[in-house]
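Q: Sharing a structure, written as C-alpha coordinates. Questions coming.
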Amino acid sequence: MEVDRARKQHDALAQIYRDHGVDVHYVENQRVDRPNALFMRDQVLMTPEGAIVCRNGISARRGEERYAAETLASLGVPIVKTINGDGYFDGACAMWIDRETVIIGTGARANKAGALQVESELRNMGVTDIVHFEIPYGHAHLDGLINIADKKVAVLFPWQVPYDVVKFLLERDFTIVEATNFEEIKVKACINFVAIEPGKIVMPAGCPETKQKVEDAGVEVIEAQVDEILKGWGAIHCMTAFLKRDPVTDN
(Lines give C-alpha, C1' and ligand atoms only; values in the text may rest on other atoms or scores of the structure.)
Protein backbone atom coordinates (compact mmCIF):
# COMPACT_ATOMS: atom_id res chain seq x y z
CA MET A 1 0.00 0.00 0.00
CA GLU A 2 1.28 3.46 -0.94
CA VAL A 3 0.63 5.30 2.30
CA ASP A 4 0.32 8.84 0.88
CA ARG A 5 -2.14 7.74 -1.79
CA ALA A 6 -4.14 5.70 0.68
CA ARG A 7 -4.26 8.68 3.05
CA LYS A 8 -5.59 10.92 0.28
CA GLN A 9 -8.31 8.41 -0.52
CA HIS A 10 -9.20 8.15 3.16
CA ASP A 11 -9.35 11.95 3.41
CA ALA A 12 -11.54 12.15 0.31
CA LEU A 13 -14.00 9.66 1.82
CA ALA A 14 -14.16 11.68 5.04
CA GLN A 15 -14.87 14.79 2.97
CA ILE A 16 -17.78 13.07 1.20
CA TYR A 17 -19.25 12.37 4.62
CA ARG A 18 -18.75 15.97 5.74
CA ASP A 19 -20.30 17.27 2.52
CA HIS A 20 -23.44 15.33 3.45
CA GLY A 21 -23.65 16.66 7.00
CA VAL A 22 -21.80 13.86 8.78
CA ASP A 23 -19.46 14.66 11.68
CA VAL A 24 -16.22 12.69 11.32
CA HIS A 25 -14.06 11.75 14.31
CA TYR A 26 -10.68 10.04 14.33
CA VAL A 27 -8.87 7.76 16.75
CA GLU A 28 -5.84 9.99 17.24
CA ASN A 29 -3.59 7.83 19.42
CA GLN A 30 -3.79 4.42 17.79
CA ARG A 31 -0.89 1.96 17.93
CA VAL A 32 1.49 2.51 15.04
CA ASP A 33 2.21 -1.22 14.77
CA ARG A 34 -1.41 -1.98 13.80
CA PRO A 35 -1.72 -1.00 10.11
CA ASN A 36 -5.23 -2.41 9.82
CA ALA A 37 -6.48 -0.01 12.50
CA LEU A 38 -7.95 2.23 9.80
CA PHE A 39 -10.71 -0.38 9.51
CA MET A 40 -12.66 1.03 12.45
CA ARG A 41 -15.80 -0.99 11.82
CA ASP A 42 -14.21 -4.00 13.50
CA GLN A 43 -13.55 -2.22 16.80
CA VAL A 44 -16.97 -0.72 17.49
CA LEU A 45 -20.51 -1.99 17.15
CA MET A 46 -22.81 0.92 17.87
CA THR A 47 -26.23 0.48 19.42
CA PRO A 48 -28.99 2.97 20.32
CA GLU A 49 -27.78 2.95 23.94
CA GLY A 50 -24.02 3.04 23.43
CA ALA A 51 -21.05 1.26 21.94
CA ILE A 52 -20.06 -2.38 22.16
CA VAL A 53 -16.27 -2.44 22.11
CA CYS A 54 -15.20 -5.50 20.18
CA ARG A 55 -12.43 -8.06 20.54
CA ASN A 56 -10.84 -8.89 17.20
CA GLY A 57 -10.91 -12.38 15.84
CA ILE A 58 -7.24 -12.26 14.82
CA SER A 59 -4.50 -11.65 17.37
CA ALA A 60 -2.60 -9.34 14.98
CA ARG A 61 -5.25 -6.68 15.63
CA ARG A 62 -5.62 -7.09 19.38
CA GLY A 63 -4.85 -3.90 21.26
CA GLU A 64 -6.58 -1.56 18.80
CA GLU A 65 -9.74 -1.66 20.87
CA ARG A 66 -8.13 0.15 23.83
CA TYR A 67 -7.60 3.30 21.79
CA ALA A 68 -11.01 3.06 20.19
CA ALA A 69 -12.49 2.93 23.69
CA GLU A 70 -10.45 5.98 24.75
CA THR A 71 -11.81 7.94 21.80
CA LEU A 72 -15.38 6.87 22.49
CA ALA A 73 -15.00 8.03 26.09
CA SER A 74 -13.53 11.38 25.02
CA LEU A 75 -16.54 11.93 22.73
CA GLY A 76 -18.96 11.08 25.52
CA VAL A 77 -20.19 7.90 23.86
CA PRO A 78 -21.36 5.38 26.49
CA ILE A 79 -19.71 1.96 26.38
CA VAL A 80 -22.36 -0.63 27.20
CA LYS A 81 -20.25 -3.75 26.68
CA THR A 82 -16.74 -4.98 25.98
CA ILE A 83 -16.47 -8.45 24.48
CA ASN A 84 -14.63 -10.61 27.00
CA GLY A 85 -13.84 -14.10 28.24
CA ASP A 86 -13.43 -16.66 25.48
CA GLY A 87 -15.51 -14.57 23.09
CA TYR A 88 -14.25 -12.66 20.10
CA PHE A 89 -16.31 -10.57 17.73
CA ASP A 90 -15.50 -8.04 14.99
CA GLY A 91 -18.02 -5.24 14.62
CA ALA A 92 -18.41 -6.01 10.92
CA CYS A 93 -19.96 -9.34 11.89
CA ALA A 94 -23.18 -7.53 12.84
CA MET A 95 -25.49 -5.45 10.67
CA TRP A 96 -28.56 -3.46 11.64
CA ILE A 97 -31.67 -3.84 9.46
CA ASP A 98 -33.94 -1.70 11.63
CA ARG A 99 -34.38 -0.85 15.31
CA GLU A 100 -35.69 -4.31 16.16
CA THR A 101 -33.69 -6.41 13.71
CA VAL A 102 -29.98 -7.26 13.49
CA ILE A 103 -28.01 -9.78 11.45
CA ILE A 104 -25.29 -11.48 13.51
CA GLY A 105 -22.62 -13.52 11.76
CA THR A 106 -20.27 -16.15 13.09
CA GLY A 107 -17.14 -17.41 11.41
CA ALA A 108 -13.41 -16.71 11.34
CA ARG A 109 -13.79 -13.30 13.02
CA ALA A 110 -16.65 -13.99 15.44
CA ASN A 111 -17.18 -17.10 17.52
CA LYS A 112 -20.41 -18.22 19.16
CA ALA A 113 -19.30 -16.99 22.59
CA GLY A 114 -18.74 -13.48 21.24
CA ALA A 115 -21.94 -13.52 19.21
CA LEU A 116 -23.96 -14.56 22.26
CA GLN A 117 -22.56 -11.61 24.23
CA VAL A 118 -23.64 -9.25 21.46
CA GLU A 119 -27.06 -10.85 21.13
CA SER A 120 -27.66 -10.63 24.87
CA GLU A 121 -26.94 -6.89 24.90
CA LEU A 122 -29.10 -6.23 21.86
CA ARG A 123 -32.07 -8.14 23.24
CA ASN A 124 -31.71 -6.22 26.49
CA MET A 125 -32.27 -2.99 24.56
CA GLY A 126 -35.30 -4.13 22.62
CA VAL A 127 -34.03 -6.00 19.57
CA THR A 128 -36.57 -8.72 18.92
CA ASP A 129 -35.29 -10.33 15.72
CA ILE A 130 -31.79 -11.75 15.45
CA VAL A 131 -30.96 -13.16 12.01
CA HIS A 132 -28.16 -15.70 12.26
CA PHE A 133 -25.67 -15.82 9.40
CA GLU A 134 -22.89 -18.41 9.11
CA ILE A 135 -20.11 -16.53 7.30
CA PRO A 136 -18.55 -18.89 4.72
CA TYR A 137 -14.94 -20.02 4.75
CA GLY A 138 -12.81 -17.46 2.92
CA HIS A 139 -14.81 -14.45 4.10
CA ALA A 140 -14.14 -12.39 7.21
CA HIS A 141 -17.25 -10.25 7.64
CA LEU A 142 -20.84 -9.69 6.57
CA ASP A 143 -20.14 -6.49 4.64
CA GLY A 144 -18.44 -8.32 1.79
CA LEU A 145 -21.57 -10.40 1.30
CA ILE A 146 -24.60 -8.32 2.23
CA ASN A 147 -25.44 -4.67 2.90
CA ILE A 148 -28.52 -2.49 3.35
CA ALA A 149 -28.88 0.33 0.80
CA ASP A 150 -32.36 1.63 1.63
CA LYS A 151 -35.18 0.95 4.07
CA LYS A 152 -36.28 -2.01 1.96
CA VAL A 153 -33.35 -2.65 -0.39
CA ALA A 154 -30.58 -5.15 0.33
CA VAL A 155 -27.56 -5.78 -1.91
CA LEU A 156 -26.02 -9.22 -1.60
CA PHE A 157 -23.83 -11.89 -3.15
CA PRO A 158 -26.49 -14.54 -3.80
CA TRP A 159 -24.23 -17.58 -3.94
CA GLN A 160 -22.84 -17.15 -0.44
CA VAL A 161 -25.70 -15.67 1.58
CA PRO A 162 -27.73 -18.33 3.43
CA TYR A 163 -31.20 -18.99 2.10
CA ASP A 164 -32.82 -18.31 5.47
CA VAL A 165 -31.32 -14.81 5.55
CA VAL A 166 -32.71 -13.93 2.13
CA LYS A 167 -36.06 -15.53 2.97
CA PHE A 168 -36.27 -13.37 6.10
CA LEU A 169 -35.74 -10.22 4.04
CA LEU A 170 -38.16 -11.24 1.29
CA GLU A 171 -40.86 -11.92 3.87
CA ARG A 172 -40.42 -8.31 4.99
CA ASP A 173 -40.86 -6.97 1.46
CA PHE A 174 -37.21 -6.21 0.74
CA THR A 175 -36.03 -5.75 -2.81
CA ILE A 176 -32.99 -7.98 -3.28
CA VAL A 177 -30.25 -6.65 -5.56
CA GLU A 178 -28.02 -9.55 -6.60
CA ALA A 179 -24.39 -8.56 -7.14
CA THR A 180 -22.98 -11.23 -9.42
CA ASN A 181 -19.87 -9.72 -11.01
CA PHE A 182 -17.16 -11.69 -9.26
CA GLU A 183 -14.38 -9.14 -9.81
CA GLU A 184 -16.55 -6.29 -8.50
CA ILE A 185 -17.51 -8.33 -5.43
CA LYS A 186 -14.20 -9.92 -4.47
CA VAL A 187 -11.62 -7.48 -5.83
CA LYS A 188 -13.32 -4.08 -5.87
CA ALA A 189 -15.61 -4.61 -2.84
CA CYS A 190 -18.81 -3.34 -4.43
CA ILE A 191 -20.96 -4.53 -1.50
CA ASN A 192 -18.68 -2.79 1.02
CA PHE A 193 -20.57 0.50 0.83
CA VAL A 194 -22.06 2.90 3.38
CA ALA A 195 -25.60 4.28 3.30
CA ILE A 196 -25.33 7.91 4.37
CA GLU A 197 -29.11 8.12 4.34
CA PRO A 198 -31.87 5.78 3.13
CA GLY A 199 -31.50 5.39 -0.61
CA LYS A 200 -28.11 7.12 -0.91
CA ILE A 201 -24.86 5.16 -0.63
CA VAL A 202 -21.13 5.70 -1.00
CA MET A 203 -19.72 2.80 -3.04
CA PRO A 204 -16.18 1.92 -4.11
CA ALA A 205 -15.51 3.28 -7.60
CA GLY A 206 -15.03 0.97 -10.55
CA CYS A 207 -18.06 -1.30 -10.09
CA PRO A 208 -20.30 -0.28 -13.03
CA GLU A 209 -22.40 -3.45 -13.21
CA THR A 210 -23.34 -3.43 -9.54
CA LYS A 211 -23.76 0.35 -9.53
CA GLN A 212 -26.30 0.09 -12.36
CA LYS A 213 -28.25 -2.62 -10.56
CA VAL A 214 -28.37 -0.57 -7.37
CA GLU A 215 -29.46 2.54 -9.25
CA ASP A 216 -32.16 0.53 -11.02
CA ALA A 217 -33.49 -0.28 -7.53
CA GLY A 218 -33.92 3.45 -6.89
CA VAL A 219 -30.76 4.04 -4.86
CA GLU A 220 -28.44 7.00 -5.50
CA VAL A 221 -24.78 5.99 -5.74
CA ILE A 222 -21.82 8.23 -4.89
CA GLU A 223 -18.52 6.70 -5.96
CA ALA A 224 -15.32 6.95 -3.91
CA GLN A 225 -11.91 5.82 -5.11
CA VAL A 226 -10.42 3.35 -2.61
CA ASP A 227 -8.28 1.11 -4.80
CA GLU A 228 -5.15 1.80 -2.72
CA ILE A 229 -6.95 1.06 0.55
CA LEU A 230 -8.29 -2.17 -0.94
CA LYS A 231 -4.75 -3.51 -0.82
CA GLY A 232 -5.37 -3.88 2.93
CA TRP A 233 -8.46 -6.04 2.19
CA GLY A 234 -10.97 -3.48 3.40
CA ALA A 235 -13.10 -0.74 1.90
CA ILE A 236 -15.63 1.98 2.76
CA HIS A 237 -17.87 0.08 5.16
CA CYS A 238 -14.80 -1.41 6.88
CA MET A 239 -13.39 2.06 7.60
CA THR A 240 -16.60 3.51 9.01
CA ALA A 241 -17.82 2.98 12.57
CA PHE A 242 -21.19 4.67 12.97
CA LEU A 243 -21.66 6.52 16.26
CA LYS A 244 -25.11 8.02 15.85
CA ARG A 245 -27.79 7.48 13.23
CA ASP A 246 -31.39 8.61 12.94
CA PRO A 247 -33.91 5.81 13.58
CA VAL A 248 -35.21 4.03 10.50
CA THR A 249 -38.99 4.23 10.24
CA ASP A 250 -41.48 3.13 7.62
CA ASN A 251 -42.53 6.74 6.98
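Q: Just to verify a number: FRET efficiency for LYS186 and SER74, C-beta to C-beta distance, R0 = 51 Å, to 0.05?
A: 0.85
Q: What nm distance separates the two modelled labels at ASP86 and ALA60, each placed 7 Å from Cα along Cα→Cβ?
A: Label at ASP86, label at ALA60, 2.6 nm between them.
Q: Starting from the Cα of HIS132, step 7 Å toward the Cβ, then list every residue of the stretch 72-99 with an amide N under 18 Å from that point.
A: 87-90, 93-95
Q: Lone cysteines in the chain, defined as no other cysteine's Cβ under 4.7 Å from theirs: which are they?
A: By the Cβ distance rule, which asks for a partner under 4.7 Å, the isolated cysteines are CYS54, CYS93, CYS238.
Q: Additional query: With the cut-off at 1.5 for a/c, could you classify the stretch 88-168 from its C-alpha gyration tensor as rounded, prolate or oblate?
A: Since a/c reaches 1.5 but b/c is at least a/b, the shape of the stretch 88-168 is classed as oblate.
Q: Could you tell me whether the stretch 119-251 comes out rounded, prolate or oblate from its Cα gyration tensor? Rule is a ≥ b ≥ c as square roots of the eigenvalues, rounded for a/c under 1.5, then prolate if a/b exceeds b/c, otherwise oblate.
A: Note, shape of the stretch 119-251 comes out rounded.
Q: Karplus couplings for the stretch 81-94 from phi (6.51 cos²θ - 1.76 cosθ + 1.60, θ = phi - 60°), rounded to Hz, Gly and Pro as x?
A: For the stretch 81-94, the Karplus curve yields 6, 10, 4, 9, x, 8, x, 9, 6, 8, x, 6, 8, 10 Hz.
Q: Next question. The stretch 170-219: which trypsin sites (Lys or Arg not before Pro) are DSSP loop and have at most 14 other beta-carbon atoms within 10 angstrom?
A: Here the trypsin sites (Lys or Arg not before Pro) that fit, given the DSSP loop and packing criteria, are ARG172.
Q: What nm value, rounded to one decimal, do you get for the distance between ILE176 and ARG99 when each label is placed 7 Å out toward the C-beta?
A: So the label points at ILE176 and ARG99 sit 2.8 nm apart.
Q: I would also like to ask the following. So, in Å, what gap is there between the alpha-carbon centers of the stretch 199-245 and the stretch 157-176?
A: Value for the Cα centre distance between the two parts: 20 Å.
Q: If you don't mind, there's one more thing I want to ask. Where does the chain land at 222 nm, in deg cm²/dmol rounded to the nearest 500, when only DSSP H runs of n ≥ 4 count, each adding -39500 (n - 2.57), divided by all residues?
A: -8000 deg cm²/dmol
Q: Return a whole-number percent for the relative contact order of the chain, with Cα pairs under 8 Å and 6 or more residues apart as the contact set.
A: In percent, rounded to a whole number, it is 20.
Q: A further question on this structure: In the stretch 6-76, which chymotrypsin sites (Phe, Trp or Tyr not before Pro) are in a loop and have at most 15 other Cβ atoms within 10 Å, using DSSP for the loop call?
A: TYR26
Q: To continue, here is another question. Suppose a student asked you for the relative contact order of the stretch 84-165, using Cα pairs under 8 Å spaced at least 6 residues apart; what percent would you report?
A: Taking the mean separation of contacting Cα pairs over the length of the stretch 84-165, I get 29 percent.
Q: While we're here: How about LYS81: which lysines have a C-alpha closer than 29 Å to its C-alpha, ignoring those fewer than 8 places off in the same chain?
A: Partners within reach: LYS112, LYS151, LYS244.
Q: For the chain, what is the accessible area per residue in Å², given a 1.4 Å probe and the full set of protein chains?
A: Counting only protein heavy atoms, the per-residue value for the chain is 48 Å².
Q: Okay, moving on. Of the chain, which part is the longest with no GluC sites (Glu not before Pro) in a loop (DSSP not H, G, I, E, B) and with at most 13 other C-beta atoms within 10 angstrom?
A: 101-251
The values are calculated or read from the model by the stated rules, or taken from the named source; none is laboratory data. Nothing here was measured: the structure is a model prediction, and the numbers come from that model. Note that we place each Cβ from the backbone using ideal geometry, even for glycine, and neighbour counts take in every protein chain shown. For the accessible areas, the whole protein counts, side chains as well, though only heavy atoms, and no ligand, DNA or RNA atoms are used. Shrake-Rupley method; radii C 1.70, N 1.55, O 1.52, S 1.80 Å.
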